[in-house]
Each structure stands twice: as C-alpha cells, then as structure tokens.
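S.K.: Please read through the structure below; I'll follow up with questions.
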Amino acid sequence: MKKIIGFIFCLMAIASSIMAQDPTPQQLAQQIKLLTDMRRADSLRILSLIDSLKQRGQAINGIQKRLDDHELDLQKADAGIKQFGKRLEVTDENRYRVIKSNLVYSVELFEMLNERLNTLDALNQLESYQQILVDLNNPANESMGFSYNKKVIDLISNNIQTKKKSRLMELTQMVLDNPILKGVTSLTPILSVGNSVFSVISSFAAQDDRISSSSLQTVKNELDRYTIYYGKLNEANATFQRNLANYRINVSNLHNKVKDFTVKNLQEGGYSTTVAKQAPNSTVGDYLSGLFQIYNREAVEKYFTNLENTNRDSKGIKYEALLKSNTQLINMNKRTQEVMDIYKEFETIYRQYIAMIEKNNEVMQEILNLAITEKLSDSASKVTEQINRLKTEKQKGISSIERAINIEKLKNTVERLDSFFPAL
C-alpha cells in the first residue's frame, strides 16, 4: 500500500513539474521510462503475489486431502474395533462353529498337502529338463556342435606326429571311453580325464623327439580350454543335483510333520490310524493317501453331524454340553496355528524349488554362452539352439509344477482357518 501511495506522489510530482515548465524531449523520454519501469516492477510483484496465492491454495488442498484420508482411516479403525468387540463376545455356539470350521478345513488342507508333497517328491515335471543337463554334460555328446571326446582326438591328430600314432590314439580313446565318464556329475572326473590324456601324450613325447615341446604345449593349452569348460558344466550339474537332494530331504521332513499331525488328531478324535496293508517299500505319502480315504472332509463333517444330533433337544443343539463332553475338540483346535505354520513351510519349500530351477537355468545359460564367446564350438547356432531348448524345457517344467501345486487353492483354504481364539 505504501508503495502505491509513493507511486501516486511520484506521478503528482512529475505532473507538477510538467505544469511548472515545458519539459524538453529528453526529459519527457526519461519520465516515460521511469513510469514504464515502475509499472513493470508492480506487474512483477502482482504476478509473484498471484503465484504465492496459488501455492498456498495447493497446500491447503493437500492438507484437506490428508484430513479426509485420516478421517477414512479412523472410520476403518472404528469398524475394526467394533468387529473385534463382536468377536470377543464368545458364546458356546460361536466356539463350536470356529472349532468345527477349523477342523474341517484343516483335514481338507492336509489331504491336499499330501497330494502336493507326493507331486514335488516325484519331480516328474523336470524329467526333460534334467535329460538335457545329462546330455550337455556327456563328453561324447555333439549337440553343441562339438564334443570333448572329438576335440581331444582332433587335437592329437592335428598336432602330434609320432611313429606310434595309432597306439597313442588307441590309448587316448580308452581313457575317453572310461565308464565313469558316462555318468559324470562333478568337476573331478573331467579334470582327471584331461590329466590322464595329457599324461599319455607326454609319455609318448618322452620317447619320440618328433613330438616338439611347442606342439605339446599347443595341445595342453587347447585341452585345458575344453576341460575347464566341461568342468564348469559338471559343477553346475552337480550343484543342481545336490540342491535337489537337499530339497527332497526337506520335502520328506515336512511330509513326516503332516503325518504326525494327522495321526495325533485322529487319535485325539478316537479314529483308527491303521490303513489297508501296504507294500514293504511304501512311503509316508502312500500311508497318508490310505489314511485320507477314511479320514477326510466328508468324514469330519459326518463326525460333527453325529455330535450335534447326540446333543440336541427340542430347543436345538446344546453347545455347552457338546463342548464339555468332547474336550478333544478344544485340544485339536488349539493346534490351528500349527496347521498354518506347516502350510507356510510348504509354501517356502515350493518357492525355493522354483527359485532353484531358475538359478540353475541362469547358470547353465552363462556356461553355454562361453562356447560361443570362447569359440569352443564350430557352430554358434547349435549352441543358441541348446540354450533356447533349455529355456523352453525349464519354463514347461515350472508351469507344470505350478499347475500341479495350485498354490492359490491351498492359500484360499488356509485363509479360512481361524486362529483368533487360541485358547478355545
């Protein structure tokens, strides 16, 4: 306001000056420039004020939105508290319904878990994938456009000159045809073969001066390249097999947990845990499959129907009497959290299994690509073909596992369990 008053006084002064004397053109130009500059400065101040008002408006809107969100959160919390209060109103009927629901869904879940554990233990979905790994690890396999055995023979044939060459080739072939190599799964055998082959060549070189040290070194350098490459393949395969073995142990341990829990509940409910005679080599899965033919959701529902009919009068079901005369129900219900924990353990094993396959496939692709970058193969397209084949079979295997397990169906069943009343 003070600035505006000052501006007006300035105008009056200029006007007085103009009236007092006729200004020169130069003075008039200066006065006009002064007025223009002052107007520009005021315009900038007005724009700044408008921008400030906009920013404050946005800030106010943001605060209002946060207040609205906070109000919504309070409403949700209030609804949750009311629901919590309702659940605390424990009646005998409520207790019974929770127990009945938990036991019905527990047996349904465990029957499905047994089927899924049998599926995971079989590993049928990975047969094609594992066969590719076996083929790639086979020193005689030429699906990559080369093989370890053929490269060794070519190295000797092209670089070693000796009058006993046929004998050298025969001994080398004997080393390569060693039965141990047929099922090679670790780094050690292929390194042993490489060392054995070079020892044979070196023994011939010691007796024949036509085998030069330079040709011997050439063979060693090339032989090492292929030996190291196959060593990487063997180690990746051996790691995968070790992981599979550990995974199977985890599956077996969890299967035993499911069996122990199921048997305990059966005994608690007065059921027999004996099944039809099974083969001597039957598994935990076989035993549980036989058990669940008798002890399943239908049987549990029938069990509760009998209890309700036994404890019914003209007014309806006598829930208090039912629970007092069947304390085993309360004991079984107390283990609901254990049921949830067993499922969580299953899901962890399942997801670790998928991750293990993905990791092996990633490592194998890196190794197979070395055949191209290190120029080990005479055909990059064949290497690429094997990489794509491995990717395809990996994805087929994982998709098959996911379909067989159907983790969402298991999860939906678990979510129906109610552990809110741990002491019921």
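S.K.: Considering only DSSP states other than H, G, I, E and B, which trypsin sites (Lys or Arg not before Pro) in region 365-401 qualify as loop sites with at most 16 other Cβ atoms within 10 Å?
M.R.: When the trypsin sites (Lys or Arg not before Pro) of region 365-401 are filtered for loop state and at most 16 Cβ neighbours within 10 Å, Lys375 remain.
S.K.: Any idea how far apart Ala276 and Met169 come out in nm if each label point goes 7 Å out from Cα toward Cβ?
M.R.: Reported label-point gap for Ala276 and Met169 is 6.3 nm.
S.K.: Which order do peptides 52-60, 194-202 fall in by mean Cβ count within 10 Å, highest first?
M.R.: 194-202, 52-60
S.K.: Grab the beta carbon distance between Thr305 and Gln58, set R0 = 51 Å, and tell me the FRET efficiency rounded to 0.05.
M.R.: 0.20
S.K.: Taking a quarter of the surface of the Cα convex hull of the chain, what do you get in nm²?
M.R.: That works out to 48.2 nm², a quarter of the Cα hull's surface.
S.K.: While we're looking at this one, here's another question. So if R0 is 41 Å, what FRET efficiency would Gln161 and Gln131 give, r being the distance between their Cβ atoms, rounded to the nearest 0.05?
M.R.: 0.50
S.K.: Going down the table (Lys150/Lys396; Lys164/Lys220; Lys150/Lys232; Lys232/Lys391; Lys100/Lys409), which pairs top 26 Å between alpha carbons?
M.R.: Lys150/Lys396
S.K.: For region 220-320, what does the alpha-carbon gyration tensor say about shape, rounded, prolate or oblate, given a ≥ b ≥ c as the root eigenvalues, a/c under 1.5 as rounded, and a/b over b/c as prolate?
M.R.: Prolate, because a/c is 1.5 or more and a/b exceeds b/c.
S.K.: Given DSSP loops and a limit of at most 13 other Cβ atoms within 10 Å, what is the longest stretch of the chain that contains no such GluC sites (Glu not before Pro)?
M.R.: 90-373
S.K.: Using only DSSP helix segments of four residues or longer, with each worth -39500 (n - 2.57), what per-residue ellipticity at 222 nm results for the chain after dividing by its residue count and rounding to 500?
M.R.: When only DSSP H runs of four or more count, the value is -28000 deg cm²/dmol.
S.K.: Also: Mean shadow of region 135-235, computed from the convex hull of its alpha carbons, in nm²?
M.R.: Its Cα hull, projected and averaged over all orientations, spans 5.8 nm².
S.K.: If R0 is 22 Å, what FRET efficiency do you get for Arg403 and Asp341 from their C-beta distance, rounded to 0.05?
M.R.: 0.30
S.K.: Okay, moving on. Work out, step by step, the length gained on full extension between Leu67 and Ile249: first 0.36 nm times the residue separation, then minus their alpha carbon distance; give nm to one decimal.
M.R.: Going from the current span to full extension adds 60.1 nm.
Coordinate-derived values only; no laboratory data. All values derive from a computational prediction rather than experimental measurement. Counting neighbours? That spans all protein chains shown, and the Cβs are built from the backbone with ideal geometry, glycine included.
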